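Here the structure comes first, spelled out in structure tokens, and everything after it is commentary.
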Amino acid sequence: MKTRAAVAFEAKRPLEIVEVDLEGPRAGEVLIEIKATGICHTDAYTLDGLDSEGIFPSILGHEGAGVVVEVGPGVTSVEVGDHVIPLYTPECRQCKSCLSRKTNLCTSIRATQGKGLMPDGTSRFSYKGQAIAHYMGCSTFSNYTVLPEIAVAKIRKDAPFDKACYVGCGVTTGVGAVVNTAKVEPGANCVVFGLGGIGLNVIQGLKMVGADMIVGVDINDDKEEWGLRFGMTHFVNPKTVSDVVAHLVELTGGGADYTFDCTGNTVVMRQALEACHRGWGESIVIGVAEAGKEIATRPFQLVTGRVWRGSAFGGARGRTDTPKIVDWYMDGKIEIDPMITHTLPLERINEAFDLMHEGKSIRSVVVF
Ligand code: NAD
Ligand code: AHE
Ligand code: ZN
């Protein structure tokens with residue numbers, strides 16, 4: 001079939017809206033009509049050529065929601081008409097990682113996914129006879145896309161697509177990092193670096209679990225109002241203090257119980273670790289750093305009990321946990337609507353990247 005898609009032909013070039021060819025689902029795969037997709041900073045990072053796994057041409061996008069329109073042979077877990085969220089972290093429930101119960105990082109199709117291919121080693125997308133790579137196993141910047149059934153989460157049908165799509169990455173990543181990765185306890189003092197589409201979801205997760213102090217740190221003063229809106233108790237612009245770590249340690253009475261990096265900046269990651277309380281403070285790296293960057297700190301920081309951890313997709317098991325997060329939204333336990341600051345048609349998707357880079361949006365959503 002033909003489908004409209006925003007194609008990344010080259011790094012650092014705007015996406016081009018074209019009609020691409022899409023092959024139907026093979027065994028164990030499903031064809032999904034994408035109804036809405038968010039634009040995450042990770043899409044921008046790949047388009048900007050900063051991803052060591054970046055492939056061009058490809059169809060980016062990994063924060064979508066849609067409807068199953070066709071299933072391939074052997075598919076048993078979803079059927080035509082189901083509402084689903086594509087999962088860049090699948091859940092096969094059979095691989096070593098899934099069975100370990102220690103991680104959400106299912107490894108069953110990670111190797112082909114990282115090469116922009118379906119599990120059988122081929123692409124379903126092409127343009128003028130040339131293969132186009134899938135992205136993070138999702139490619140939600142296409143009106144129709146194909147995914148393995150282990151990489152789709154079935155969600156309730158009354159959830160609006162233009163909001164539920166955000167659960168496909170940002171909401172789950174932020175709230176999940178609090179609930180699943182850090183397991184923040186009520187009364188904790190926490191610091192969140194970077195108050196964008198991820199950081200604000202960390203903040204609302206912290207409020208939900210009853211954190212005491214929720215300090216937001218951002219170089220953009222406009223983010224203060226946004227943080228306060230979702231439960232932040234204090235705001236720090238690092239440009240206004242001489243030593244941000246010392247400032248945060250003093251503000252939190254000796255250091256934070258938990259800190260979260262939602263910037264992807266390795267200098268900030270170090271600050272987040274060093275702003276933790278001696279003896280027990282834990283820093284969770286969520287931000288994705290550009291290819292070639294490394295993190296550093298004095299080992300003494302770890303010797304004296306601070307813990308450095310990472311979180312991918314909020315530690316959520318995609319097929320099991322994502323539908324529950326949609327329920328939390330529908331039951332009013334978490335908010336999504338106010339964070340979606342811009343809703344655009346596919347033809348205007350490049351504006352969403354501009355808004356993000358200019359710090360003018362929290363989340364932009366493209367509706368098909
Ligand atoms: P965003 O652009 O919406 O927000 C980033 C925020 O960080 C902005 O408010 C910006 O002003 C702020 N910031 C930038 N530099 C800063 C600095 N030096 N100090 C303090 N604040 C600073 O991006 P997003 O969509 O929220 O994504 C945030 C990061 O999380 C990105 O690196 C993204 O790739 C990553 N991410 C990771 C996962 C995961 O599973 N680990 C999932 C989604 C996104
Ligand atoms: N491809 C990059 C790493 C990118 C990365 O860390 N991705 C996160 C999700 S970001 C969502 O917005 C993730 O889940 N990673 C786990 C995985 O298996 O990719 C690189 O450095 O090569
Ligand atoms: Zn993302």
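Quick notes on this structure:
- Restricting attention to the range 178-204, the residues being closer than 22 Å to Met356 by Cα and within 16 Å of ligand 2 (Cβ to nearest atom) number 8.
- All positions within the range 314-343 that are touching a Ser or Thr at 6+ places or on another chain (Cβ under 6 Å) and not polar (S, T, N, Q): Gly314, Gly315, Ala316, Gly318, Ile325, His342
- Within the range 343-368, tally of residues that are closer than 18 Å to Gly227 by Cα and not charged (D, E, K, R): 5
- Residue count for the range 28-42 under the criterion of being in contact with a helix residue (DSSP H, G or I) (Cβ under 8 Å, 6 or more places away or on another chain) and either within 9 Å of ligand 1 (Cβ to nearest atom) or of a type outside the set (Lys, Arg) (or both): the result is 9.
- Which listed residue, of Val191, Val202, is surrounded by 24 or more Cβ atoms within 10 Å (Cβ to Cβ), in contact with a Phe, Trp or Tyr (Cβ under 6 Å, 6 or more places away or on another chain) and under 23 Å from Gly314 (Cβ atoms): Val202
- In the range 21-40, the residues that are touching a residue at least 40 places away in the same chain (Cβ under 8 Å) and closer than 22 Å to Thr122 by Cβ reach residues that are of a type in the set (Asp, Glu) and more than 16 Å from ligand 1 (Cβ to nearest atom) with C-beta atoms within less than 6 angstrom, at least six apart or across chains, in these pairs: Pro25/Glu70; Gly28/Glu149; Val30/Glu149; Leu31/Glu70.
- For the range 205-228, a residue qualifies if it is surrounded by fewer than 18 Cβ atoms within 10 Å (Cβ to Cβ) and in a loop (DSSP other than H, G, I, E, B), and the qualifying residues are Gly210, Asp212, Ile219, Asn220, Asp221, Asp222.
- Pairs where the first residue, in the range 279-304, is more than 23 Å from Gly315 (Cβ to Cβ) and assigned by TED's automatic domain parsing to the domain that holds Gly199 and the second is more than 10 Å from ligand 2 (Cβ to nearest atom) and assigned to a loop (DSSP other than H, G, I, E, B), C-beta under 6 Å, 6+ apart: Gly279/Gly305; Thr304/Arg278
- Residues of the range 78-129 satisfying the condition of being under 20 Å from the mean Cα position of the chain (by Cα), among the small types (Gly, Ala, Ser) and within 22 Å of Val7 (Cβ to Cβ): Gly114, Gly116
- Count - residues of the range 3-43 that are assigned to a loop (DSSP other than H, G, I, E, B), surrounded by fewer than 21 Cβ atoms within 10 Å (Cβ to Cβ) and under 22 Å from the mean Cα position of the chain (by Cα): 3
The values are calculated or read from the model by the stated rules, or taken from the named source; none is laboratory data. No experiment lies behind these values; they were computed from the predicted model shown. For neighbour counting, all protein chains shown are included, and Cβ atoms are generated from backbone atoms with ideal geometry for every residue, glycine included.
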